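*Asks:* Shown below is the structure under consideration.
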Amino acid sequence: MTDMKATALKPSNIKQLAGSPNLRFVPSNYVHSTNLNHDDDGDDSNSIPIIDFSLLTSCDPNQRSTAIHQLGKACQDWGFFMVVNHGIPDNLMKAVIDCTDEFFNLPDEEKQEFSGKHVLDPIRYGTSFNTSTENLFFWRDFLKVFVHPHFHSPTKPQAYRDVVLEYSKKLREVARKLLGGVSESLGLEESYLDKALDLESGLQVFVGNYYPPCPQPELTMGMPPHSDHGLLTLLISNQVGGLQVQHQGKWINVNALPNSLLVNTGDHLEIFSNGKYKSNVHRAVVNNKVTRISVVTAHGPSLETIVRPASPLIEKENSPSAYIPMKYKDYLELQQSNQLDAKSCLDRVKIPRN
């Protein structure tokens, strides 16, 4: 495997491929462009909105009102923000990253025990995004686990179950509080979104991502530009850069504050808000030096909920519904079963304007 420039390989997992001792070139079916220009278009990372969670949960109505206003502005202007003072212990966040690293370092045959076949399987280990539909692959291995309304977890490594259970529970509380603030920022009652989308039975998906070093990072991608299903996605990482968000047509490198949560808006928040809060498009780039590990947790409605624009927003703004109602489960299946391409799935449920 000394010259792999023109060689196509069927991926089993990217960790194994990246660990090949003589790997100097990216296999041809991982090459997405001769030069993807992964550099950020401008150092605007400092302007990414920061939400102080302690203000959102404050008993002081003025502080809370300020936080709700900032949250609404972040959703409308960026669809992306950092959350600080969220109350999730630093050592728990570190344990989540460490256990995820341990999982990907298990022997291949042990990881393969968790290979799911269907996009709605509650535990699914795999590589790239959806190798059954892709001709070009992504420099990524993943573990997807449904942790709510029914909790699942791999049985290895041993500590993983307890760590994921505690983390997902605390994160769900933060997400629901954020969504209460989002609901109010839209002029609705704090509990309106929660009840309308049945968040008590809402889907929460824990995703571990493993992006090993790549010999030619400028030729490939960890994940392509895409938006997420669901309402809010909350992300932590091992502090290795690689996440880029699209803002005003530019790609912005995200430099996370220590122990912050990175949050992006999902397609179903765009639908619920009737387009006021657009889902954020983002991508993952890779490097040639160190492994990046991220843990992304998506928070959505219940699988059986039919998601449509909130009727009070339609009435208040006297504007027609811009999206076709669709069951969340059907949308999830549609998105996860196809190739990932920007907002192509959301575009299918948009109602054309005359």
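*Asks:* What nm value, rounded to one decimal, do you get for the distance between Gln112 and Ser321 when each label is placed 7 Å out toward the C-beta?
*Replies:* Spacing of the two 7 Å Cα→Cβ label points: 4.7 nm.
*Asks:* On to the next question. What is the sum of charges, Lys and Arg at +1 and Asp and Glu at -1, for the other residues whose Cβ falls under 14 Å from the Cβ of Ile324? Walk me through the intermediate numbers first.
*Replies:* Numbers: positive: Arg308, Lys327, Arg348, Lys350, Arg353; negative: Asp267, Glu270, Asp330, Asp347.
Result for the neighbourhood of Ile324: +1.
*Asks:* Same structure, new question: Amide H of Thr127 versus every other amide H placed in the peptide plane: which residues, excluding those fewer than 5 positions away on the same chain, fall under 5 Å?
*Replies:* HN-HN under 5 Å from Thr127: Phe142.
*Asks:* Let me ask another. As a check on your grasp of the helix formula, calculate [θ] at 222 nm for the chain: sum -39500 (n - 2.57) over DSSP H runs of n ≥ 4, divide by the residue count, round to the nearest 500.
*Replies:* -8500 deg cm²/dmol
*Asks:* For semi-axes √(5λ) of the Cα gyration tensor in Å, the listed values are (1) 33, 22, 20; (2) 43, 26, 22; (3) 32, 28, 21; which was obtained by calculation from the structure presented?
*Replies:* (1)
*Asks:* Using θ = phi - 60° and the Karplus form 6.51 cos²θ - 1.76 cosθ + 1.60, what ³J(HN,Hα) does each residue of region 315-322 get, whole Hz, x for Gly and Pro?
*Replies:* Whole-Hz 3J(HN,Hα) from phi for region 315-322: 5, 5, 8, 6, 10, x, 4, 9.
*Asks:* With springs only between Cα atoms under 10 Å, which of Lys94, Lys144, Lys15 fluctuates most in a Gaussian network model of the chain?
*Replies:* In the Gaussian network model the winner is Lys94.
*Asks:* Past 26 Å, Cα to Cα: identify those pairs from Lys94/Lys156; Lys15/Lys329; Lys73/Lys289; Lys117/Lys289, in the order given.
*Replies:* From Lys94/Lys156; Lys15/Lys329; Lys73/Lys289; Lys117/Lys289, over 26 Å: Lys15/Lys329; Lys73/Lys289; Lys117/Lys289.
*Asks:* A follow-up question, please. Show the residues, 5+ positions off or on another chain, whose built amide H is closer than 5 Å to the amide H of Tyr323.
*Replies:* Ile351
*Asks:* I need the phi-derived Karplus couplings for region 144-157: 6.51 cos²θ - 1.76 cosθ + 1.60, θ = phi - 60°, integer Hz, Gly and Pro marked x.
*Replies:* Once rounded to whole Hz, the list reads 10, 9, 7, 10, 7, x, 10, 7, 10, 6, x, 7, 10, x.
*Asks:* Through the Karplus equation 6.51 cos²θ - 1.76 cosθ + 1.60, θ set to phi - 60°, convert the phi angles of region 79-91 into ³J(HN,Hα) values in whole Hz; use x for Gly and Pro.
*Replies:* x, 7, 6, 9, 10, 10, 6, 8, x, 7, x, 4, 5
*Asks:* Something else now. Once amide H atoms are built 1.01 Å from N in the peptide plane, which residues 5 or more positions from Arg292, or in another chain, come under 5 Å H to H?
*Replies:* Tyr211
No value in this document is a laboratory result; all are computed from the given coordinates. Since we're looking at a predicted model, the values are computed, not measured. With ideal geometry, Cβ positions are generated from the backbone for all residues, glycine too; neighbour counts draw on all protein chains shown.
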